[in-house]
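Structure first, then comments.
The values are calculated or read from the model by the stated rules, or taken from the named source; none is laboratory data. These numbers were taken from a predicted model, which means no experiment stands behind them. Please note: Cβ atoms are built from the backbone with ideal geometry, for glycine as well, and neighbour counts cover all protein chains shown. Accessible surface is based on the protein model in full, side chains and every heavy atom, while ligands, DNA and RNA are left aside. Shrake-Rupley method; radii C 1.70, N 1.55, O 1.52, S 1.80 Å.
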Amino acid sequence: MSGNELITVIVATISAVISIISIVVSASANNKSNKLSGEYNSLVERNNQFVSGQTELQLNQTIEETKRNVMNITIKISELPLNAAEQVKNTLMSLMKSAMESNVNAYESACGLYLDDKIDKDRFKKLYFSEIKRIVEDKAHNGFFQPESTSKYQAIWKVYREWNILE
């Protein structure tokens, strides 16, 4: 074997070894990348669950606050003496309608989040099934929901129909 042939064999061998090392390093980097990608996806999912939980908690607090406002005004109306001034009665009734509308608006926002898959649907249904049914069917709320076609509370209607009208 001549000197040139020996150099060619050595260069070819070194090239082959470098290629094998490159393949091993590349495969290792790919495995680590896949592992880190999986961990990242897990962290993103956990963060999404945390944000969803915060949203649900805030939603619940808003709904509870609007319900308390309605109850407080109801108590004030019930405590009115029979001879209370008509202006006081009218003011309290106006406040009652406003408090009820705030409550329905809170449910509308909640149903919008439900329909947009921004909150846990199973948990939402467990928590609010009877409340959504009650506010839609309660005669005291007729002004907000009737007629259905012109009601501004279409998210509530969609959720109500999904849960209660099995076609």
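If you take the residues of region 148-167 that are more than 19 Å from S102 (Cα to Cα) and exposed (fewer than 12 other Cβ atoms within 10 Å of the Cβ), which of them is modelled with the lowest pLDDT?
Top of the filtered list is E167.
Out of (1) at pLDDT below 90; (2) in contact with a Gly (Cβ under 8 Å, 6 or more places away or on another chain), what's the single condition that is false for N142?
(2)
For N60, are the conditions met, namely being open to solvent by 60 Å² or more (accessible area, probe 1.4 Å) and polar (S, T, N, Q)?
So N60 fails the test.
Give the residues of region 5-57 that are open to solvent by 90 Å² or more (accessible area, probe 1.4 Å) and closer than 30 Å to N105 by Cα, sorted by residue number.
E45, R46, Q49, F50, Q54, L57
Please find, within region 73-97, the residue that is most open to solvent (accessible area, probe 1.4 Å) out of those that are among the aliphatic types (A, V, I, L, M) and in a helix (DSSP H, G or I).
Only one residue tops the list, namely M93.
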